[in-house]
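Novice: Below is one structure. I have some questions about it.
The values are calculated or read from the model by the stated rules, or taken from the named source; none is laboratory data. As the structure is a prediction and not an experimental result, all values here were calculated from the model. Cβ placement follows ideal geometry from the backbone for every residue including glycine, while neighbour counts extend to all protein chains displayed.
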Amino acid sequence: MGFLSLLSSTLFLSLALGAPQVQTDSTKKDPPPNTGTGGEVKLAANLERDKQTIQEFGKKVTEDPKGIVKSWSGPDPCKYVGFKCDKTPKGYNAIAALDFNGYQLGGPDMEITGLLDKLVDLALFHANSNKFIKSIPEQLGQIPYLYELDVSNNQLSGPFPKGVLTATKLTFLDLRFNQFEGSVPSDVFHMDLDVLFLNNNKFTGSIPSDLGACPALYITLANNQFDGSLPSELNNMKKLKEILFLGNKFSGSLPTELGGMVEATVFDVSANQLDNKLSGTVPESLCSLPKVKHIKLMNNDFHEDLGPACLEALKKKVLDVSGNCIKNAPNQKPGCSGGDQNTDRTRLSQPNGQGTQGTNPST
């Protein structure tokens, strides 16, 4: 079993807005400990070091509803619940993964710093749905194999944790459902990520043009406090599959040209009454994307008539523009200037132009 194939993640952006999903692999077996002639465990120096780190961390855990910590007293850390060993690329056995997903560990002094930054052979750190406090270690570059970091659904706070920018091997970064705030550095969009989940924090500021350089396939920036307009460089994201912007404070119009997102299947900038207020025209290039399945623009201030491609997407229930001010679309919000926004509701709801009042398109 290769070092970097120890665990695999299931990537579904459509689940990113819900509770973080526990990801485990029950088929993996812990390796047997090395034993001496008397049967005692003889640890290599790196495993002895990691055992001490884990046991010191265990002293900070005061909430342990599943009784995890009690397994951390044995002689071999490869047998501790929540940890898995494998051989590193250099050939020695090491703690390669931490998997605390859903353990609900907590404590007034339970920080990630002092644990993650000391387990320097880790490839995966999965710790969603616990009660870690403060932030992420400032220097993750000293962990040369780290390629997945999931700290979602904890109690982390403060500015964007710039330590992750030093983790140059990361492909999976999940910071959702915490209390991070302030701006997101543009450098994060230049990391070689496949997945970037920043939703449900308190991030602010505009989205830089650097977003267009992000190689990630799945991105969610939803439910923060981002503002300004969306950058035209979205058109450069040729590998992007799904992106979520809903629940922010965006304004202005969508970029006219979005046809470069040829792999995109989901594009969501929907809003409720208090957030996104995008306006202008729904781009025909967005509605014409060859693989798109869901375009969600609900409850914004779009007001220009839909073009042919968007009307077709609306009929196929690919496009949802309910709650806007578009004359030739159904289920628009009341009080829009320019007349009755329910005009054409009947015509658009029936393929032959006949029938009763239409229903709200949904995906």
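Novice: Inside region 117-236, counting only strands (runs of 3 or more DSSP E) that do not spill past its ends, which hold 1 or more residues that are more than 30 Å from Asp86 (Cα to Cα) and in contact with a strand residue (DSSP E or B) (Cβ under 8 Å, 6 or more places away or on another chain)?
Specialist: 155-159, 179-182, 202-206, 218-220, 225-228
Novice: Still on this structure, I have one more. Taking region 84-106, which residues are under 21 Å from Pro161 (Cα atoms) and in a loop (DSSP other than H, G, I, E, B)?
Specialist: Result: Phe100, Asn101.
Novice: Please go through (1) out of contact with any Ser or Thr (no Cβ under 8 Å at 6 or more places or on another chain); (2) closer than 23 Å to Leu230 by Cα; (3) charged (D, E, K, R) for Glu181 and return the number of the only condition it doesn't satisfy.
Specialist: So Glu181 meets the others, but not (1).
Novice: When you go through Asn154, Asn199 one by one, which is the residue that is in contact (Cβ under 8 Å) with a residue 60 or more places away in the chain and closer than 27 Å to Leu105 by Cα?
Specialist: Asn199
Novice: Does Pro330 meet the test of being modelled with pLDDT under 95, touching a Lys or Arg at 6+ places or on another chain (Cβ under 6 Å) and within 23 Å of Asn272 (Cα to Cα)? Even if it seems obvious, please write down each step before you answer.
Specialist: Values: modelled with pLDDT under 95: no; touching a Lys or Arg at 6+ places or on another chain (Cβ under 6 Å): yes; within 23 Å of Asn272 (Cα to Cα): yes.
In short, no.
Novice: How many residues are without any contact (Cβ under 8 Å) to a residue 40 or more places away in the chain and over 27 Å from the mean Cα position of the chain (by Cα) when one looks only at region 69-105?
Specialist: 10
Novice: Within region 296-313, identify whether any single residue is touching a residue at least 60 places away in the same chain (Cβ under 8 Å), of a type outside the set (Phe, Trp, Tyr), closer than 23 Å to Glu233 by Cβ and not in a helix (DSSP H, G or I), and answer yes or no.
Specialist: Yes, the conditions are met somewhere in region 296-313.
Novice: Further question on the same structure: Kindly check whether there is at least one residue in region 263-283 that is closer than 22 Å to Ser206 by Cβ, over 20 Å from the mean Cα position of the chain (by Cα), among the small types (Gly, Ala, Ser) and surrounded by fewer than 22 Cβ atoms within 10 Å (Cβ to Cβ).
Specialist: yes
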